[in-house]
Structure formats: C-alpha cells, structure tokens
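None of the figures in this text is laboratory data; all of them are computed from the coordinates on show. In this text, all values refer to a predicted model and were calculated from it rather than measured experimentally. Every residue, glycine among them, receives a Cβ derived from its backbone with ideal geometry; neighbour counts consider all protein chains shown.
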Amino acid sequence: MAGNFFNEMVDSDGMVRPHYRGFADWLRDTPSERVARKRAEADTLFHRVGITFAVYGEQEGTERLIPFDIVPRILPATEWKALSAGLRQRVKTLNLFLHDIYHDQEILKAERIPAEHVLKNAQYRPEMQGLDVPNGIYAHIAGVDIVRAGQGEFYVLEDNLRVPSGVSYMLEDRKMMMRLFPELFARYSVAPVEHYPDMLLDSLRTVSPKGVAEPVVVVLTPGAYNSAYFEHAFLAQQMGVELVEGQDLFVKADVVYMRTTQGPRRVDVIYRRIDDDFLDPLVFRKDSKLGVPGLLSAYRSGNVTLCNAIGTGVADDKSIYPYVPEMVRFYLGEEPLLNNVPTYMLRKPDDLKYALAHLAELVVKEVHGSGGYGMLIGPAASKAQIEEFRKRIIDAPEKYIAQPTLALSACPTFVESGVAPRHIDLRPFVLSGREINMVPGGLTRVALGDGSLVVNSSQGGGTKDTWVLEN
Amino acid sequence: MLSRTADHLYWMARYTERAENVARMLDVNFRMSLLPQTPEQIEQGWGAVLGVNGLQEAYKERHGSVTPEKVVRYMVFDRDNPSSIYSCLYASRENIRAVRGSVTSEMWEMQNATWLEFRALDPEKVLGSDIGEMFEWVRHRSHLSRGVTVGTMLQDEDFRFIRLGSFLERADNTARILDVKYQAIELGAKEGDAASEYYQWSALLRSVSGFAAYRKVYRDLITPRRVAELLVLRADMPRSLARSMKEVYTNLCLVANSQSGETQRRAGELHSSLRFGRIEDIFDVGLHDYLTAFLGKTDDLGNRIARDFLVPVLAD
C-alpha cells in the first residue's frame, strides 16, 4: 500500500513539483546542523509554551507534546479554491440536513435515507425536535477530514460536527514556522491563518439569541485535565472571552449566568467543548459534574445559544456518512464537489459478504468509534488480527463499516533516518454563522511510522504547518 | 471576571511569594551556617525556619532531630510539606495553568518554565553542591514573575487580584520572619555575644533585602528597635508590613463589590494603624504580641476576601 501513493512534493518522474521548488532549494542550501538546531528549538519552545495534550488511559496529568514536523504541507491556490468550494457545499448541506431531521424530516419522507438510520441513531436527540436555532445553524464549527489518494484527488474521510479540535495546533504551527524560519516566508507568499479566532468570535456573535446587541460569549471547557484543555484556553484568550467550567455557570429562570467577582453576569453564547452527554445533568448523564443543571431548558427557551448545537452527532456518524452525497443533491440540487470514500455498510448482507471476503484489503471502522481507536487496517494487520476482527464483525455487523484502503498521499517529513515521505491528512475548520467562512488550509496531521496510515495524535501522529499559496 | 479565575490568580501569586520567602529564609540560615556557631545556635536557626512556617510538629513526627541537611531537604524538595518550595511552585503552576487564558502568554511561559526547570533538578546534586545557587534561582524566578506581571499585564481586575495575593502573602511572611527571628536573637542576646548578635541582625535584614536599606535610612548601628521599625512601619521599605498593607488596601478598593465594604474597612484600619503607628507603642505592647495580633488580622482579611470575591457565595 505504501509503494504507490501521491507524493505531495515530488511527481512520478522524480521532479520536484513547482510549488515545492522554493522549499526544496532552501532545504538543500541550509546546513543540516542549522536545521537540526531549529528542530530542537521547536521542541523546547513547544514545551515551554505548554502546547501539550493529555493522553487518555495514562497517568492523570500526563502531558505530551504532539510531534511537530518542520516540512510544510503546501497547497497551490487553485487546489485550495476547489477544495474550499467543496467544503462550503458540504457543510451547508450538513446544516440543512440537521435542520430538516429536527423539523419536517423531508429527506426521510422522500426515502433518500432510511428513517431508522436517523431516528434510531444514538446521536439523534429527540430533545432537539421542533426547536428553532439562530440562523438554522447546528454545526457552527466543523472539522472536515480530507485525504488525498490515487492520482491526487481529494476525499472526505469524516465530517466532525460535534466538538472538533486541533485548530490551536494549526495556529501554533504557523507561529512556530515563522519564528524558526522567517526566511522561508520571504520566498513564499503564504495565505495567513492568524485571524481564525477573530473569525470564530464573529461567527459566534452572529448566532446569539434574538435581541441581544452585545452578546456575551464564553468557552465552556471540561477543565484543565481534558486532553484539549490547551486549545480551550488558547481560543478563549485569543477571542478575549471567559473560559468557564460548568461550576462557573448557573441557570436561573431559564437564563444562564456566570459567577463573577462583581456578581452574576448573563451569558448569551456558549462555545462548548463538552460532549452532549455531559452538558446538563438534569437531562443527560446524571453523574456529570462538568455540565450546568438547567442548561437545556435555557437553551430550549431560546435564551442561550450552544455552539455546536445539541444532536449534531447524527450527521457525522459513520452510518450516515455514505448518504452525504445524496444529501447534497437533495437539498441543493447540485452534484457533490468532494468525493466520499466508497463505503460498505456491513449491516447490508451483500456488503457484509464482500467485506468478509476482502478483509485483508479493507479498512474496517466502528460506526461510533473515533480517534483511530477500534479500527482494522487490513493490509497492515496480521492474520490473527484479521481473524479476531472477523469474529467481532460477524457478532454485530451493524456496528461496522468498511472502506477500501486508500493510498494516502505522503509529504516529506523528518524522521530518524533523515527526510522520508510520510502519509498525511488535512482538517480544515469551517465556520458557519450568518455565512460560511474558513481560513485557508487547516491542520495537517502526519503518521510518523513508516507506512503507517494512522494520523491521530492519540496514536502517535504529528502535525505540520499547512501553507496555502496566494497567487 | 470569573470568581474562579480571581481565586486561581490570587493563589498563584500567594504561592509564588511564599516560595520566594521560604528561599530567603533558608538562604539566610545557610549563610549563617558558614559563620562560627555553636551547635545550639545551628539547631536553633534551622528550627526557626520550621517555626516560621508552623511546621515543627509535622517535621518532628517525620524526621525527628533538626539537622541543616534534613531541614533543607524538607523545606525544598518534600512534596508532602505544603510549604516546601516544591509544593509552592507546583501549586503556583497548577493555579496559573487553570486560568492560562486569562494571563499573558509571557506570564504563563515564565511560570511553566519555572516549574519545568525546578522539576528537572536532581535533589541529591543540588543538596550536595552549592545550595545557595538554588535559593538565588528561586528568588530570580520570583522577580521574573513579578516583572512579567507588571510588564505585560493589562492593569485590570485580573492584575489587581494577583497584586492582592502577593502583598497579603508578603505581609504575612515578613511578620512571621520578623517574629521568629526576633525572639531567637533576643534569646541569644541574653548570653551577651555582641558579634554574633550583629550577624544575626544583619542576616535577618538580608533575608528581606533590607541590609542596604537599613544603612541608607539610619546610617547607624543596627539596633533591634530600628530593624523592627524598618520592617513594620516604613512605607518606603518594599517588604515591610506598612508597604504590604498599603498595597492590599489600594488593590482591594479597586476591585470592591457590593458586599466587600466591611473587608475594605478592616484593611483600611490596619493600613492606617501602620501608617500612623509608632514603634515605641508597639514595643510597649511587646513585638511578639503585636505581630501575633497582626497575623490574626491578615488571616481574617484572607478569609473575608475569599468570601467576598473568590468563593462564589454571591451568585444564586
């Protein structure tokens, strides 16, 4: 699988692609000691800045760095233009879908998606039925995972519509590259990304409850031991809003307040980085200490906006994913601009039969899994692993989907033996408020193991700065 | 600002200040130990370090006899000792980590680096070589913390709660250092060793960066009464009780809310008594009794500040 992939830097004749020439020249002309020193400096800086994440299952308080690679992932302006048009179309569609299933369910009536896949989905929230949200937006922040395969065409791997993370790494990676290698930015005209927090704040303000002139926005975090705490604090600081925990908020007469040194202060928009289940112990998980009792009631009264809305998970679920192209046609009357990866739904007998016969070639994922946990990568798995997975699939086929193993594109990356191609993906962050906005690029994640296709940071993946060129 | 944020910032500042004062105390003792001393004096000196922090009992239970090496280890690296430099720097870092979005990135990076550097120290190596360097390092990090706060932070409520924490802690720490050392020196003075007495006083002054200040202000011999006056009543002396309470009062007025009136009044009363007080009157009461009463008042202020601002009793 590793042999035949699209190389971001070098074409099939071994020639450096035009948009990478400036970088290749720079790398050739820069003494390797200087590069090594700069790489070490990046490590020290990330530690000092505390850009770390906590790892689940390890000792409490374990903080790790996400490896940062100094070779940027470069996208020419034309590629980004096409990609961003596809992202707009897709996110717009997903928001229309969410509005529809929580109102009249036209798409189910038209039988474009089997109703039980939606209504019996664990991520479908009946509490949202009939509720109008500002501008009809549910997924205010979407992190759409894009990969490049085959001859270089883009595919959507996953739509993350719940609480997608990683944008702080996108911003810190850029800051780090500019600090380490300012001379590179003189050679290239790289589209800036630093205004993301402003764009986010602007977007959050446009979805405040009606009649609020100066909306008070807060970021709601589970707390300092959450794996993405750094990002929560970072975004709150960059937007100049309060970073609150559940204990800082309370609800009185269906209005949300935060406890301040000057008494209670009303809150209008909550950018929450807590899963639905933990938001309100009166309605969802009773044992949640992270949430705010009465929050759902305040939300349903229209006195506060939650971003993202409750119940968005039904639209990014792996069992709904195969229907997204059909949604685009249904709601917009357009052909989808972005490819979906062909997906076998193992609850269908034909798909199951095919998958079981081709496990060694396929990637099998749990429908509700995330973070690269609970998946089988056929070509990389041992016979025993495949047989073990086979049993799990036969036991509960409805829990799995299967996809062909994509030959993900690769980008040169610093590894122990020098610079070698490593597989990458891309997570652009798409903001929806009054309109759809995004900064050029996104977060590029890289699988650091030779031949590895798993880019998740929880599985040892790293990140790269992503450059969209302006011209 | 959020009450919880104010709470974290206030305690971050208190622990940073406390770490510095512990280092100052230890440093003075360490330097004193380089002078000729009787074993009793040595034990007395290190015992006083524990006394300042109210740790004699806890220490005795775990370690028994007082030796310089054991006390230093206990006060620097023992993570079960809530007043050790380890515990103070850890608490300070955890507090700022919880509100890192509310402080400048330079402040966070500085505090985080302090903790990372301290954690990387090998206790055996530090204890085995020049421990004085370590105390100097702690003082420098505290200077840096203050500098980066004043030099980078917007002077808003967040800033005021940091200042409030720093100065309330400093008032408390200076009073404790003065109290314990003063008693010890008086006790030693009865034995009539004038040279030793001089070194003890100058060491006490040095521990609060007050030696040069004393010379400048009094241009005369060191006398107990003047040392006390400098550290209690001189408002131009940065580590004195008068200066610390002036800052506490000023910052408290700047963050006042609808229920903090009585707290402000008490802080103002204490500030005024220092501002207009005379050292003769304090010595009439007795310095120890005076300082004990003072510590009771700062403790009360700490509780009241928590109730009025930090622990949200005002909300629902």
Next item on the list: Shielding by partners for A:95-105, please: the mean number of other protein chain Cβ atoms within 10 Å of each residue's Cβ.
Entry: 0
Notebook entry, point to check: Going by how many other beta carbons lie within 10 Å of each one, how would you line up A:Phe185, A:Phe154, fewest first?
Noted result: A:Phe185, A:Phe154
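Take the alpha carbon gyration tensor of the protein assembly as shown, find the square roots of its eigenvalues, order them as a ≥ b ≥ c, and report rounded if a/c is under 1.5; if not, report prolate when a/b exceeds b/c, else oblate. Provide the component values of the computation, followed by the final result.
Numbers: a/c = 2.58, a/b = 1.88, b/c = 1.37.
Cα axes put the protein assembly as shown in the prolate bin.
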Item checked: Residue-wise HN-Hα coupling along segment A:132-138, computed from phi with Karplus coefficients 6.51, -1.76, 1.60 (Hz; x: Gly, Pro) -> 8, 10, x, 6, x, 9, 10
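Would you mind ranking A:Arg64, B:Arg278 by Cβ crowding within 10 Å, fewest neighbours first?
On the way: A:Arg64 14, B:Arg278 10.
The order, fewest Cβ neighbours first, is B:Arg278, A:Arg64.
Which of the pairs A:Lys120/A:Lys391; A:Lys120/A:Lys286; A:Lys289/B:Lys297; A:Lys252/A:Lys399 have their Cα atoms more than 32 Å apart in this structure? Walk me through the intermediate numbers first.
Details: A:Lys120/A:Lys391 25 Å; A:Lys120/A:Lys286 22 Å; A:Lys289/B:Lys297 36 Å; A:Lys252/A:Lys399 41 Å.
Violating the 32 Å Cα-Cα cut-off are A:Lys289/B:Lys297; A:Lys252/A:Lys399.
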Margin query: Could you work out how much longer the chain between B:Arg225 and B:Tyr198 gets when fully extended? Use 0.36 nm per residue separation minus the Cα distance between them, nm to one decimal.
Written below: 8.4 nm
Check: Under a point spin-label approximation (7 Å from Cα along Cα-to-Cβ), what is the B:Glu106-A:Trp26 distance to one decimal in nm?
Finding: 2.8
Next item on the list: Pull up all non-local amide H partners of A:Asn160: gap of 5 or more, or a different chain, and H-to-H distance under 5 Å with H placed in the peptide plane.
Entry: A:Gly143, A:Val144, A:Asp145
Margin query: Need one value for B:94-100: mean number of C-beta atoms belonging to other chains within 10 Å of its residues' C-beta atoms.
Written below: 5
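Can you give the FRET efficiency for A:Glu116 and A:Ser301, using 1/(1 + (r/R0)^6), R0 = 30 Å, r = Cβ-Cβ distance, to the nearest 0.05?
Numbers: r = 31 Å, r/R0 = 1.03.
Efficiency computed from Cβ-Cβ geometry: 0.45.
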Margin query: If you consider only alpha-carbon coordinates, what radius of gyration and Dmax does chain B have, in Å?
Written below: 19.5, 63
Item checked: Amide H contacts under 5 Å for A:Thr260, placed H, 5+ residues apart -> A:Arg265, B:Ser3
Next item on the list: With label points built 7 Å along Cα→Cβ from the Cα atoms of A:Arg48 and B:Arg215, find their separation and express it in nm.
Entry: 3.5
Notebook entry, point to check: What lysines could a cross-link reach from B:Lys216, if we take a straight Cα to Cα line under 28 Å and drop same-chain neighbours fewer than 8 places away?
Noted result: B:Lys181, B:Lys246
Check: For all pairs of alpha-carbon atoms in segment B:1-153, what percent lies in each bin of width 10 Å, listed from the first bin to the last filled one?
Finding: 11, 40, 31, 15, 4, 0
Checklist line | Sites A:Arg187 and A:Asn4 - FRET efficiency at Förster radius 30 Å, r taken between beta-carbons, to 0.05 | finding: 0.45
Next item on the list: Filter the cross-link list A:Lys318/A:Lys348; B:Lys60/B:Lys125; A:Lys81/A:Lys175 down to pairs whose alpha-carbon distance in this structure exceeds 20 Å.
Entry: B:Lys60/B:Lys125; A:Lys81/A:Lys175
Check: In terms of modelled amide H atoms, which long-range or inter-chain residues lie less than 5 Å from the amide H of A:Arg422?
Finding: A:Cys411, A:Thr413
Next item on the list: Along Cα→Cβ, 7 Å out, is where each label goes; now give me the distance between the ones at A:Arg347 and B:Arg275 in nm to one decimal.
Entry: 7.5
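Relative to the present Cα-Cα distance, how much length would full extension add between A:Arg390 and A:Asn135 at 0.36 nm per residue of separation? Mind dumping the intermediate values first?
Numbers: separation 255, 0.36 × 255 = 91.80 nm, distance 4.52 nm.
Stretched out fully, the A:Arg390 to A:Asn135 stretch lengthens by 87.3 nm.
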Next item on the list: Determine ³J(HN,Hα), in whole Hz, for all residues of segment B:151-167 in sequence, where each value follows from phi through the Karplus function 6.51 cos²θ - 1.76 cosθ + 1.60 and θ = phi - 60°; x replaces Gly and Pro.
Entry: x, 10, 8, 4, 7, 10, 4, 3, 4, 5, 5, 5, 5, 4, x, 4, 7
Next item on the list: Using only the Cα atoms of segment A:344-404, construct the convex hull and provide its projected area averaged over every direction, in square nanometres to one decimal.
Entry: 3.6
Next item on the list: Could you rank the peptides B:22-32, A:119-129 by their average count of other C-beta atoms within 10 Å per residue, with the highest value first?
Entry: B:22-32, A:119-129
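As a test of understanding, state the convex hull volume per residue of chain A from its alpha carbons, in Å³. Please report the intermediate quantities before stating the final value.
Working: hull volume 76.3 nm³, N = 471.
Cα convex hull per residue, to the nearest whole number: 162 Å³.
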Next item on the list: Return the average number of partner chain Cβ atoms within 10 angstrom of each residue Cβ along peptide A:122-130.
Entry: 0
Note to self: Residue by residue through segment B:259-264, what is 3J(HN,Hα) from phi via Karplus (6.51 cos²θ - 1.76 cosθ + 1.60, θ = phi - 60°)? Round to whole Hz and write x for glycine and proline.
What the structure shows: 10, 9, x, 5, 5, 4
Check: Is the shape of segment A:210-303 best called rounded, prolate or oblate, per the rule: a/c under 1.5 gives rounded, else a/b larger than b/c gives prolate, else oblate, with a ≥ b ≥ c the square roots of the Cα gyration tensor eigenvalues?
Finding: oblate
